[in-house]
Structure formats: structure tokens, C-alpha cells
Amino acid sequence: DLLLAVPRPKVMRRLWAQIAALGVGRIILTNADKVERNYFDTHILAEETYRPLLIEGLQQARDTRLPIVTIHRQLKVLVEDQLDDLFGTGLRIVADPSASAPLSEVVRGSEERILLAIGPEGGWNAFELGLLAAHGFKPAGMGPRTLRTDTAAVALLALAHNRSG
């Protein structure tokens, strides 16, 4: 599963198909300090826009399981009040370039369902990282570089998907 701070609409348009092709079961879109508020008003978050893009990704991957999409305008409310119902139990990971443990190490051998939280361009702020940590998210990274959302999402999802090997 993917918890994603809403990126720029142009980036989100590119991500829909890739996320579906990589087998994400649930996409939880949320706000963060560095997310522009008007991103939530864009057509790219309307089901009639993103559903065909998800289907395109499923066709590419020869899959039929459409990801469940939910949109939340308040990260704190999502994490404190709604996340347990949306995700339940499993391994919670927050992507953070300053994390000392690489993602491959955090997920190695895990048979649990994974929820991967990826922040906005520029990353999560200290409050957001603390909030996620207080609710069971383990920090993991791919090194010190701050990546664009689309690059980070595809790379991290691929690494998480390959966790057993």
C-alpha cells in the first residue's frame, strides 16, 4: 500500500499507471506542509480521470485488481484517526533520505503487508516525521539524495515489492 503526499498534478498523472502496474493495493493520498493546497482541486484527483490511468497500468502488468484510492486533506487526522481502519496491521515505513537503514534492510524477510509513506517534493517536515514515527512508521531510505516524487515512488515500490529476494 502507498501513502503519498499529493505531488504536482503533472507528476500525479504520470504516477497513476505506474503505481497500478507495480501492484499497489491501496493508494492513500494526503496533505503535507510542502503540498500546495490547490493540488486537491485538480481534475487529476477525480475518479473519472485517474481510473482510466490505473486501468492502463493494470493492462501493462496483466493484472485486474484495481487499487483502492482515498484522498485525505489533513495528514494529522488521517494518521491519528483513520489510518488503522484503512491499513490495519502490517509494516509501516516512511521514506526519508536521512534514515540510517536502507529500505531493503527494513523490509527484508517480512511477510507482512507494507504501507510505504512517501512525502512531497522536498520531503516530510520534522513534525510529520514525528507524527508518522509515533504511529508505528519506521524510517527507511535509499541513500542521502532527495529524489523527485515519481522517481522515489517507483524505486521504493520496486524495492518493497522485491523484499523477499
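No value in this document is a laboratory result; all are computed from the given coordinates. Because the structure is a prediction, the values reported are computed rather than measured. Don't worry about glycine lacking a Cβ; one is built from the backbone with ideal geometry, like all the others, and counts go over all protein chains shown.
The amide H of K138, built 1.01 Å from its N in the peptide plane, has R92, I93, V94 as neighbours under 5 Å, considering only residues 5 or more places off or on other chains.
Across the range 33-39, computed HN-Hα scalar couplings (Karplus, 6.51 cos²θ - 1.76 cosθ + 1.60, θ = phi - 60°) run 4, 8, 8, 5, 4, 6, 4 Hz from first to last residue, x flagging Gly and Pro. What pairs from K10/K34; K34/K138; K34/K76 go past 19 Å between their alpha carbons? Long pairs (Cα-Cα over 19 Å): K34/K138. If you run the Gaussian network model on the chain, springs between alpha carbon atoms under 10 Å, then out of V77, V11, V24 the most flexible one is V77. Once you order the gyration tensor axes a ≥ b ≥ c over the Cα atoms, which shape class does the chain get: rounded for a/c under 1.5, otherwise prolate or oblate by comparing a/b with b/c? Cα axes put the chain in the rounded bin. Under the convention that each Lys and Arg Cβ holds +1 and each Asp and Glu Cβ holds -1, the size of the dipole of the chain around its Cα centre is about 440 debye.
Structure remark: mean-square fluctuation, Gaussian network model of the chain, C-alpha springs under 10 Å; the largest value among A133, A117, A20 belongs to A133.
Across the options Q59, V77, A20, the greatest Cα extent toward the positive end of the charge dipole of the chain (unit charges at beta carbon of Lys, Arg, Asp, Glu) belongs to Q59. Across the options T30, L129, M142, the greatest Cα extent toward the positive end of the charge dipole of the chain (unit charges at beta carbon of Lys, Arg, Asp, Glu) belongs to M142.
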